[in-house]
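> Here it is, the structure in full.
The values are calculated or read from the model by the stated rules, or taken from the named source; none is laboratory data. Worth saying up front: this structure is predicted, and the values here are computed from it rather than measured. Note that each Cβ is placed from the backbone with ideal geometry, even for glycine, and that neighbours are counted across all protein chains shown.
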Amino acid sequence: MCDDIIGMIGEASKTGEKPNDASRKGLWDAVFARGWHPNCTFREPVLRPRQATESMIKIGTWSEDLPGPATPTKRKRNDEDAAPSPKPHRARGADAFLKPNLNWTHFGMSFVVCDVKGSAASDKFVQLAPGMTMAQVYSDCMVNFDEQEAKRVGDYDYDLGVYWVRSRLLLLQNGKDAVMRRAELTRAPRCHRPPRHQGEDSL
């Protein structure tokens, strides 16, 4: 009843997972998680938004305190003697990060040096970790992004598989009336795939 869905998930996620005792048990455990049964309500899953912190990687530390905001606040403008101290995460010695910046218009990707909270900074303030080069951190950042994106989409695909199995159980329990309410539930789901980058194969 669920072997075709297991195969679809394995193909879309590139795990190559096939229907077997372990994969069937895993899917059925997820279907009936938290006491679910066909009389319970359930919703089609939604692909969660990307989180910037998931694709960030640590590349070194700040070689000096990062500059403050370009436009001072009103309080600071009125207090010329005030010498604002940098936030701890933007002070010398704090961790520096690199994150990818997707451009869907031109199907490209750039990279942004940032602090732990994702605020941009100049790479001139970065003291790279020993043995690292900017070329290497760009490569590592790209690999990390692909891994995180594959997990994000893979989690969605699995949740979608659970949704379809539950829908099929509803059909078995309620028969024709359920078919009228949920059209085409007997078709296999269409899984999402991670985006393909220019010149690269998808995961």
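> Condition test on residue 34, is it surrounded by fewer than 15 Cβ atoms within 10 Å (Cβ to Cβ), under 30 Å from residue 95 (Cβ atoms) and either touching a helix residue (DSSP H, G or I) at 6+ places or on another chain (Cβ under 6 Å) or not hydroxyl-bearing (Ser, Thr, Tyr) (or both)?
Numbers: surrounded by fewer than 15 Cβ atoms within 10 Å (Cβ to Cβ): yes; under 30 Å from residue 95 (Cβ atoms): no; either touching a helix residue (DSSP H, G or I) at 6+ places or on another chain (Cβ under 6 Å) or not hydroxyl-bearing (Ser, Thr, Tyr) (or both): yes.
So residue 34 does not fit the description; no.
> Among the residues of segment 19-34, is there at least one that is outside any helix (DSSP H, G or I), modelled with pLDDT under 90 and not charged (D, E, K, R)? Don't jump to the end; show me each part of the working.
So in segment 19-34, the residues outside any helix (DSSP H, G or I) come out as 19-20, 32.
Those still in the list that are modelled with pLDDT under 90 too: none.
Scanning segment 19-34 turns up no residue that is outside any helix (DSSP H, G or I), modelled with pLDDT under 90 and not charged (D, E, K, R).
> Looking at (1) surrounded by fewer than 18 Cβ atoms within 10 Å (Cβ to Cβ); (2) at pLDDT below 90; (3) within 27 Å of residue 26 (Cβ to Cβ), which is the only condition residue 176 fails?
Of (1) surrounded by fewer than 18 Cβ atoms within 10 Å (Cβ to Cβ); (2) at pLDDT below 90; (3) within 27 Å of residue 26 (Cβ to Cβ), only one is false for residue 176: (3).
> Here's something else I'd like to know. Has segment 158-167 got any residue that is among the acidic types (Asp, Glu), assigned to a helix (DSSP H, G or I) and over 29 Å from residue 68 (Cβ atoms)?
Initial filter on segment 158-167 (among the acidic types (Asp, Glu)): 159.
Restricting the remaining residues to those that are assigned to a helix (DSSP H, G or I) gives 159.
Still in the list and also over 29 Å from residue 68 (Cβ atoms): 159.
The answer is yes; a qualifying residue exists.
> Counting only residues that are in a strand (DSSP E or B) and closer than 12 Å to residue 118 by Cα, how many does segment 90-107 have?
Of the residues in segment 90-107, the ones in a strand (DSSP E or B) are 95-103.
Keeping just the survivors that are closer than 12 Å to residue 118 by Cα gives 95-101.
The number of residues fulfilling the criteria is 7.
> Looking only at segment 1-31, which residues are surrounded by fewer than 15 Cβ atoms within 10 Å (Cβ to Cβ), under 22 Å from the mean Cα position of the chain (by Cα) and not small (Gly, Ala, Ser)?
Selection gives 14, 15.
> Additional query: Of all residues being more than 19 Å from residue 51 (Cα to Cα) and hydroxyl-bearing (Ser, Thr, Tyr) in segment 85-137, which is surrounded by the fewest Cβ atoms within 10 Å (Cβ to Cβ)? Just the residue, please.
Out of the qualifying residues, it is 105.
> Can you find a residue that is touching an Asp or Glu at 6+ places or on another chain (Cβ under 8 Å) and β-branched (Val, Ile, Thr) anywhere in segment 115-123?
yes
> Further, regarding this structure: Kindly list, by first and then second residue, each pair from a residue in segment 97-123 that is within 16 Å of residue 137 (Cβ to Cβ) to a residue that is of a type in the set (Asp, Glu) and in a loop (DSSP other than H, G, I, E, B), limited to pairs with Cβ atoms under 9 Å and residues at least 6 apart or on different chains.
Sorted first by the residue in segment 97-123, then by its partner, the pairs are 97/115; 121/115.
> Working only within segment 45-58, note down all residues that are assigned to a loop (DSSP other than H, G, I, E, B) and at pLDDT 90 or above. Walk me through it before giving the result.
Initially, segment 45-58 is screened for residues assigned to a loop (DSSP other than H, G, I, E, B), giving 45-51, 56.
Within segment 45-58, 45, 46, 47, 48, 49, 56 qualify.
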